[in-house]
Structure formats: C-alpha cells, structure tokens
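Following this message is one structure expressed as structure tokens.
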Amino acid sequence: MSSADKKYELPSNAIVLPPTAQLQALLTLIRDEKTQRYSDRIIRLLVEEGLNHLPVVPKTVRTPVGLDFDGVGFEGRICGVSIMRAGEAMEAGLRDCCRSVRIGKILIQRDEETCLPKLFYAKLPEDIAERFVLLLDPMLATGGSCIKAIEVLLSHGVKEEKILFLNLIASPLGTDAVCKRFPKLRMITAWVDEGLDSHSYIVPGLGDFGDRYFL
Ligand code: URA
C-alpha cells in the first residue's frame with residue numbers, strides 16, 4: 001500500500017504532495033540503498049508547499065515602469081524549527097526559499113528509564129509565539145518525537161494553527177498520531193508509506209535518514 005493506492009484515509013489536516021512522475025522518481029532515488037543525500041529537491045518541494053499555506057494580505061508595489069501592481073505579501077513572520085538531527089537536513093531548503101529565516105532546534109531522545117520521548121535541548125527564537133512555525137522532520141515513524149516537539153512549541157506559546165509540520169516520508173500510524181492529537185496544525189508530507197517494521201523503521205522507507213544524509 002502507498003499513498004497512491006488511497007487505502008489509508010488521511011486525516012483532513014494532512015496534505016500529501018501530488019504524486020507527480022517527478023516526485024515519484026525523486027522518491028525512488030532517495031529510497032535506493034545505493035544512493036545517499038538526494039533529498040534536497042523533495043525538501044524544496046515540501047517547503048514551497050508549506051509556504052502556500054501561509055496567509056497573505058493585499059500589498060501594492062510600484063514597478064520599474066512606474067505603474068502600481070496590486071499583489072499580496074505574507075502576513076506575519078515565520079521561523080523554522082528542526083527536530084535534531086535529521087530535521088537539520090531540511091534547514092538549507094527552507095533557507096533557499098526564505099533567506100534570513102530564523103531557525104530553532106529541538107533535540108528529543110528516548111528516556112532510558114521510561115522509554116518515552118524526552119526533551120534534551122531546545123533553542124527557539126524568543127518571539128516564537130508570534131510566528132508561524134515550520135517544524136522540520138523528514139521521517140515520521142511512531143510520531144513520538146514529533147508530538148513531544150509540538151508540545152514544546154505549544155508550551156512556548158506557539159498557536160497550534162500556526163504550526164506547519166514538513167515531512168518527507170510518513171507512516172500511517174505517525175500521521176494519525178500527530179494529526180488527530182493536534183487537529184489545528186497542518187502536516188505536509190511527500191509520501192505516506194505502508195507502515196513500520198519491528199524496529200519502528202518506516203517500510204519500505206529509506207532506512208536511517210540521518211545516517212544516509214549526513215555520512
Ligand atoms: N527515522 C529514520 O531515519 N528512518 C525511519 O524509518 C524511521 C525513523
């Protein structure tokens with residue numbers, strides 16, 4: 001099963017990129033065990049789609065030929081927050097689209113005693129509560145780290161409806177866990193895979209994203 005088969009019913013706040021031939025070719029490339037580090041173009045597509053969901057207000061500019069153009073400009077400011085370390089691979093794609101964007105970081109790891117996701121580190125823009133937040137994490141498996149990261153954002157005053165979660169490959173379980181728990185956020189993913197294996201890797205997936213991207 002894949003997102004193309006439509007057997008899995010997506011929550012209404014989850015958006016999957018149109019499965020164009022180009023996207024499928026790019027996904028095939030990054031899944032191939034013989035490749036490394038080809039995700040940047042898909043990440044760029046995710047960022048562009050994310051930006052499509054930001055509100056705009058009317059804005060008029062004067063063009064070089066001396067006429068006004070009644071267009072729009074983004075309303076409000078944005079920032080990125082990457083879930084370390086895999087999410088850091090998505091920062092460059094965001095910077096390519098939004099040159100001087102502020103980017104925060106959150107590190108979540110499994111607590112050895114409780115086995116639950118635990119916050120180890122967070123560095124966020126001080127005015128994050130006033131911003132739209134593009135939360136970056138390429139692989140959504142069980143959803144545990146992502147849910148914890150969203151809770152951290154909410155505890156810093158970010159409004160749920162101002163969170164856009166950008167993700168490369170998701171499992172149905174993780175998608176449901178995140179989108180149903182936070183119905184006002186929007187998740188944008190490139191593909192929803194079949195499920196998880198016994199080690200909570202996404203299948204067919206692409207293995208460990210961080211190992212493949214950063215090595
Ligand atoms: N993180 C990864 O890098 N890969 C998976 O399949 C799941 C989580």
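Does Thr114 meet the test of being loosely packed, with under 14 Cβ neighbours inside 10 Å, β-branched (Val, Ile, Thr) and farther than 21 Å from Glu75 by Cα?
Yes, satisfied.
Here is a follow-up. Which count do you get for residues in the stretch 63-109 that are open to solvent by 100 Å² or more (accessible area, probe 1.4 Å) and either within 22 Å of Glu151 (Cβ to Cβ) or in contact with a Phe, Trp or Tyr (Cβ under 8 Å, 6 or more places away or on another chain) (or both)?
Counting residues in the stretch 63-109 that are open to solvent by 100 Å² or more (accessible area, probe 1.4 Å) and either within 22 Å of Glu151 (Cβ to Cβ) or in contact with a Phe, Trp or Tyr (Cβ under 8 Å, 6 or more places away or on another chain) (or both) gives 2.
Inside the stretch 1-98, counting only strands (runs of 3 or more DSSP E) that do not spill past its ends, which hold 2 or more residues that are farther than 25 Å from Pro183 by Cα, among the basic types (Lys, Arg) and at pLDDT 95 or above?
56-62
The values are calculated or read from the model by the stated rules, or taken from the named source; none is laboratory data. This structure is a prediction, so every number in the text was calculated from the model and none was measured. As a convention, Cβ positions derive from the backbone with ideal geometry for all residues, glycine included, and neighbour counts pool all protein chains shown. Side chains included, ligands, DNA and RNA excluded: accessible areas come from the protein's heavy atoms. Shrake-Rupley method; radii C 1.70, N 1.55, O 1.52, S 1.80 Å.
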